[in-house]
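Take a look at the structure set out below.
The values are calculated or read from the model by the stated rules, or taken from the named source; none is laboratory data. Nothing here was measured: the structure is a model prediction, and the numbers come from that model. Here Cβ is always computed from backbone atoms with ideal geometry, including for glycine, and neighbour counts include all displayed protein chains. The accessibility values were calculated without ligands, DNA or RNA, using every heavy atom of the protein model including side chains. Shrake-Rupley method; radii C 1.70, N 1.55, O 1.52, S 1.80 Å.
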Amino acid sequence: MAHTITLIPGDGIGPEVCDAVVRIIDAAGVKIDWDRHDAGLVAFHKTGHTLPNELLDSVRKNRVALKGPVTTPVGEGFTSVNVGLRKALDLYSNLRPVINLPGVKTRFSGVDIVIVRENTEDLYAGLEHVVVKGVVESLKIITEVASTRIAEFAFAHARRYGRKKVTAVHKANIMKLS
C-alpha cells in the first residue's frame, strides 16, 4: 500500500535536496505517491499566492509533507513561507533532538536532549513597523494560551519517550510580565 505525501520542492537548492530524499526513499522500497505542490516565489509566479490553497489542502488531507528550502526575500517581497505554513496549519511545536552519533568525535559525550520551541509566537508573530526612519520596532508576542500549550506538549513528549526532566528556558529577569 502506497502512502500519499505532499511534496513541496521549494526553490534554490530545494528541488535538488528533495530529489535526493525522494531517491533515498524509493531505494528503501517505501511506496509513496507524491502530491507535488509549489510554494514561495515559484508558486507566486504561477498562482499569485506564495501558499496556494491547494497546497494547504493537500497537507491537511495527507497529514504529512516533505518540504525543501524556500527563499524568503529579506526586507521586501513576501512573508516567510515557513511562518505561513506554521500559522495556516497550526504547527506550533519545533522539535530539535540533539544526540551524539557513534564514531563521531565531539567536545562533549553523552549528549541526548530534545529542544522544544514554540514556533508561532515570540518574534515569529512577524509584527513590526517603522517608528521613525532607521528605527524598526518588532513586537514579541507571548500569550498564556501558547505558553501553556507548548509546556504541555513538552511534558507529554517527555512522558511518551521516558525522559525524566523538562527544563524551561526564559528571560523572566528582563521580561517580567511575559
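Numbers at a glance
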{"read-out": "Some residue of region 68-91 being touching a residue at least 60 places away in the same chain (Cβ under 8 Å) and either open to solvent by 90 Å² or more (accessible area, probe 1.4 Å) or of a type outside the set (V, I, T) (or both)", "value": "yes"}
{"read-out": "Every residue from region 42-64 that is open to solvent by less than 80 Å² (accessible area, probe 1.4 Å) and within 19 Å of T79 (Cβ to Cβ)", "value": "V42, A43, T47, G48, T50, L51, P52, L55, L56, V59"}
{"read-out": "Members of region 100-143 that are exposed (fewer than 10 other Cβ atoms within 10 Å of the Cβ) and of a type in the set (K, R)", "value": "K105, R107, K133"}
{"read-out": "Contacts under 6 angstrom Cβ, first residue in region 144-157 being in a helix (DSSP H, G or I), partner surrounded by fewer than 17 Cβ atoms within 10 Å (Cβ to Cβ) and among the polar types (S, T, N, Q), 6 or more apart", "value": "F153/S93"}
{"read-out": "Residue count for region 75-106, restricted to those that are part of a loop (DSSP other than H, G, I, E, B), out of contact with any Asp or Glu (no Cβ under 9 Å at 6 or more places or on another chain) and polar (S, T, N, Q)", "value": "3"}
{"read-out": "Residues satisfying the stated conditions in region 72-90, i.e. under 18 Å from R36 (Cβ atoms) and at pLDDT below 90", "value": "V81"}
{"read-out": "Residue match in region 54-69 (condition: closer than 22 Å to S138 by Cβ and either modelled with pLDDT under 90 or in a loop (DSSP other than H, G, I, E, B) (or both))", "value": "no"}
{"read-out": "Test: residue in region 36-44 that is under 30 Å from A158 (Cα atoms), assigned to a loop (DSSP other than H, G, I, E, B) and in contact (Cβ under 8 Å) with a residue 40 or more places away in the chain", "value": "no"}
{"read-out": "Neighbours by Cβ (under 8 Å, 6+ apart or cross-chain): first from region 3-17, within 23 Å of K31 (Cβ to Cβ); second among the β-branched types (V, I, T) and part of a strand (DSSP E or B)", "value": "H3/I32; T4/I32; I5/I32"}
